Amino acid sequence: MEAIRLGIHGVLDLSSRNKIVFALFALALLTRLPLTSISLDEVDSANFHNALTYGYNVPWLRPHPPGYPVYIFMGWIVEGIVNDPLRSLTLLSAILVSLSGDAAIRHLSVVNVGS
């Protein structure tokens, strides 16, 4: 079995199953990147944009309640790389949606369908 050492965090398994999951993630991401939004198309997206631009403040609707603090925090991290609030949020959404396919595959492999 191939493996790449990751130091104290263990080993990244590159079995054929994981290669398939990674390939599906890459395919999902590549199909979403060309379709990311190029404008703020509704009030919610403007509220998330304002949270990244002017600071996180739920009472001032940046963003609306419940505020999605983890999403905004991850958006700040991505914005530090791409330097554009809109692009950082759409890129983050594309990555998270692509990762959800991996979670679904792992869940379906644990669930015994038909018993």
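Seen through its C-alpha gyration tensor, with square-root eigenvalues sorted a ≥ b ≥ c, the stretch 58-105 comes out oblate because a/c lies at 1.5 or above while a/b is not bigger than b/c. For the stretch 59-71, putting each phi into the Karplus relation 6.51 cos²θ - 1.76 cosθ + 1.60 with θ = phi - 60° gives couplings of x, 8, 6, 10, x, 5, x, x, x, 6, x, 5, 4 Hz, in residue order, rounded to whole numbers and with x for Gly and Pro. Simple spin-label estimate for S16 and Y54 gives 5.6 nm between the two label positions (7 Å along the Cα-to-Cβ direction from each Cα).
Shown in residue order for the stretch 25-30 are the 3J(HN,Hα) couplings computed by the Karplus curve 6.51 cos²θ - 1.76 cosθ + 1.60 at θ = phi - 60°: 4, 4, 5, 4, 5, 5 Hz (x for Gly and Pro).
All of the numbers you see were taken from the coordinates with simple rules; none came from a lab. The structure presented is a predicted model; accordingly, all values stated were derived computationally and were not measured. Note: ideal-geometry Cβ built from the backbone for every residue, glycine included; neighbour counts use all protein chains shown.
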